[in-house]
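Working notes, structure below.
The values are calculated or read from the model by the stated rules, or taken from the named source; none is laboratory data. Treat the numbers as computed from the prediction; the structure is a model and nothing was measured. Here the Cβ positions follow ideal geometry from the backbone for every residue, glycine too, while neighbour counts run over all protein chains shown.
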Amino acid sequence: MQAVRNRKSRFSAWDVFRNGLNGQRGWRRQWRDPEPKQRYDIVIVGGGLHGLATAYYLAKEHKRKSIAVLERGWIGGGNAGRNTTIVRSNYFLPGNREFYEHSLRLWENLSHELNYNVMFSQRSHVTLCHSPGAIAGMARAYNTMRRTGTPDADIWDLATLKREIPYLDYGPTARFPIIGAAVQKRAGTARHDAVAWGYARAADSYGIDIIQNCEVTGIVRQGGKIVSLETSRGSIGAERVGFAVAGNTSRLWDMAGLGQLPIETHKLQAFVSEPLKPLVDQVIVFGVGGTQFYISQSDKGGLVFGGSLDGYKSYAQRGNLPVVQSVAEAAMSIMPNLGRVKLLRHWAGAVDMSMDGSHFICKTPLDNLYLNAGWNYGGFKASPASGWYFADLIANDRPHNVIANADLHRFERGAANDEHGHGADPKLH
Amino acid sequence: MIRIDCPFCGPRDHLEFAYGGDGSIVHPPLGAPPQEWYDAVFLRRNIAGVQKETWQHVHGCRTWLLVERNTLTHEIHSVEPAHPAVKAALEARQ
C-alpha cells in the first residue's frame, strides 16, 4: 500500500516555487485513466463526491485494495459541480445532527488529509429571522445543537447582525423586516471541483481505479446477489456493489429489478453572478413563506446563490424561469444593493428528493448491494461523512449506529427523519 | 416555461398551476392492509420519460388535471380533467 502511495509526490510549497520558475511544466496528471479490469472486490457506481469519498475511505479506513469507481460522464460533472458549495451541520433530529457534525469535522481536516487544497472556508452560516416565532424556533434547534456536540451554534440579536452584516435591508419598509439571525460559525463554503479532484487523487494513490465514461447499462443478478455490471466499457464483475448516483437512483434501482423507492427526482437551480469585489463575507440564508434564498461569494468574486426546487419532477438538468424570478425577488428583498449585478450563469441539477427530506445509507434487498441515495439538496456538505459511513457499511456489512435510521424501511416503522415536518411530499422538502 | 393547455381556460403558463404529483397512484380502500397504504403513500415509480401527473389550475378554473409529460424534456403529450365525472361532462358538452 505504501509503495502505491509513494508513486505520486505530495504537493509542497517547493513544488509551487519550482514550477513557477519553469512555466508550470512540472505538473503531472493527478490520477490514472485505467482500463476496467474484469473483476473487483468492490465496485462503486457513481463518481461524484460521495462515490469518490466512499472509495477513498474504503482504502484508507478499511484497507480494501480492489476497488473501482464507475462514472457515466466525467468526475465532477454531475451534482458535484452543480451545487452552491455550502457546508454546515445545523441539523436538529438525532442521527442527522451526529452525521452532519461528523461531516463538518472531516471537512475541517480535509485539505491536510488529502494533501489537496479544497479551499474550505469557515466563514459562518447566517440564517436570517423575521419574527419572534422564527427566533424561538431557531433557538430551539440551535440550543439542541449546542447540547449535542455542535458548540458553535449561536443566535445574533439585531445589533450584532447590523454590525457584522451592515448592508442588508434593515429599513422599516422592508417586506419582511429582519430582527435577528441564527448563526453557525464553523460552517462555510468549499471549492466543489477541488473536493472531487482531491478525493480522486487520494483514492487513485491507493490504487483505486476511477473509470470515467463508463455507464452502467445492465445489472446481472443471480438470485439475491449481483454478479456483474454490464457497462459501456464491458462487463465488470463485483463481490460487493455500492450505488451512489443521487438524481438517478430510481433508474439504477429499476435496472436491478428492485421495484420502487421512496424517492422522486426533482431539479434544483443555482446561479453565479459576474465577479465583484469582496462584499458577502458569510453564507447568508433567507427563507420566508416557502421562498428560499442563500448566497455566498466565491474566491473569484462571483456571488453564488440559489433558491427552492422548480417544483415539478424532472430529470432535465435545465432550470425554468419562474424560479429565476423568485430568487431575484428574494435577493432584492434583503440585499437591494444587488439590483444592478449581472447574472453570469445559471444551471440545474437533478436531485433525489426523498419522502422525509433525509438520506439513505443502507443495505438493500440484495445481499451484496448497498445504497447511498436521497440527498435532497444537501448532498455537498454531506460528502465526507457520506463516504465515511458508506465505506463502513460496505466493509462491515452492517450499518453504524449513526446511520441506523437512514434505511429504506424507516417509513414503515413510522420513523421518518423529517427535519421540517412537511410529510411524504418530496417537492416540499 | 412549460405551457399547459387547460381544457377549460386554454393554453396557460405553468406558473398558473400547482404541481400535484404522480397521477398513476391509486389510493387503496381505508381498510386495506398497511403495506398497500405504505406503497401508495411512500413509493414512487419516478419515471425518466413520459409519466402521468396531476396539476391544479390554482390561478384559473381550479380544476385538477391529469397531464402526460416527459420528465426528460418537459414536453406535454396530453391534458385532461383528473376527475372522471368532470371529464365525462366535458366530453358530453363537446
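Worth a mention:
One line per residue, one yes/no per condition, for (1) more than 23 Å from the chain's Cα centre (by Cα); (2) among the acidic types (Asp, Glu):
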position	(1), (2)
A:Val183	no, no
A:Thr189	no, no
A:Asp209	no, yes
A:Glu239	yes, yes
A:Gly242	no, no
A:Pro262	no, no
A:Ser273	no, no
A:Val280	no, no
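- Enumerated strands (runs of 3 or more DSSP E) restricted to segment A:206-263, each holding at least 3 residues that are more than 14 Å from chain B (Cβ to nearest Cβ) and surrounded by fewer than 22 Cβ atoms within 10 Å (Cβ to Cβ): A:216-222, A:225-231, A:234-243
- Residue check, A:Gly23 within 22 Å of A:Val195 (Cα to Cα) and assigned to a loop (DSSP other than H, G, I, E, B): no
- Scope segment B:41-71; condition out of contact with any Ser or Thr (no Cβ under 8 Å at 6 or more places or on another chain) and facing chain A (nearest Cβ under 10 Å); matching residues: B:Val41, B:Phe42, B:Leu43, B:Glu53, B:Trp55, B:Arg69, B:Asn70
- Residue count for segment A:276-288, restricted to those that are in contact (Cβ under 8 Å) with a residue 60 or more places away in the chain and either over 19 Å from A:His125 (Cα atoms) or not in a strand (DSSP E or B) (or both): 4
- Count of segment A:397-429 residues which are more than 14 Å from chain B (Cβ to nearest Cβ) and touching a residue at least 40 places away in the same chain (Cβ under 8 Å): 7
- Residues satisfying the stated conditions in segment B:1-40, i.e. of a type in the set (Phe, Trp, Tyr), in contact (Cβ under 8 Å) with a residue 24 or more places away in the chain and facing another protein chain (nearest Cβ under 8 Å): B:Tyr19
For every residue, the table says whether it meets (1) within 30 Å of A:Thr249 (Cα to Cα); (2) within 14 Å of the chain's Cα centre (by Cα); (3) not basic (Lys, Arg).
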| site | (1), (2), (3) |
| --- | --- |
| B:Ile2 | yes, no, yes |
| B:Ser24 | yes, yes, yes |
| B:Ala40 | yes, no, yes |
| B:Cys61 | no, no, yes |
| B:His83 | no, yes, yes |
| B:Leu90 | no, no, yes |
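- Test set (1) outside the structural domain of A:Ser273 (by TED's automatic domain parsing); (2) at pLDDT 95 or above; (3) of a type in the set (D, E, K, R) - A:Lys313 fails condition number: (1)
- Some residue of segment A:142-165 being touching a residue at least 12 places away in the same chain (Cβ under 8 Å), under 24 Å from A:Asp299 (Cβ atoms), more than 22 Å from the chain's Cα centre (by Cα) and not assigned by TED's automatic domain parsing to the domain that holds A:Pro399: yes
- Every pair of residues 6+ apart whose Cβ atoms lie under 9 Å, when the first sits in segment A:31-48 and is modelled with pLDDT of 95 or more and assigned to a strand (DSSP E or B) while the second is surrounded by fewer than 20 Cβ atoms within 10 Å (Cβ to Cβ) and among the charged types (D, E, K, R): A:Arg39/A:Glu239; A:Tyr40/A:Glu239; A:Asp41/A:Lys65; A:Asp41/A:Glu239; A:Ile42/A:Glu239; A:Val43/A:Glu239; A:Val45/A:Arg72
- In the set (1) of a type outside the set (Val, Ile, Thr); (2) at pLDDT 95 or above; (3) within 27 Å of A:Trp156 (Cα to Cα), the condition left unmet by A:Gly287 is number (2).
- Subset of segment A:293-325 that is more than 14 Å from chain B (Cβ to nearest Cβ), part of a strand (DSSP E or B) and small (Gly, Ala, Ser) - its residue that is farthest from A:His346 (Cα to Cα): A:Ser296
- Segment B:1-34: number of residues that are of a type in the set (A, V, I, L, M) and in a strand (DSSP E or B): 2
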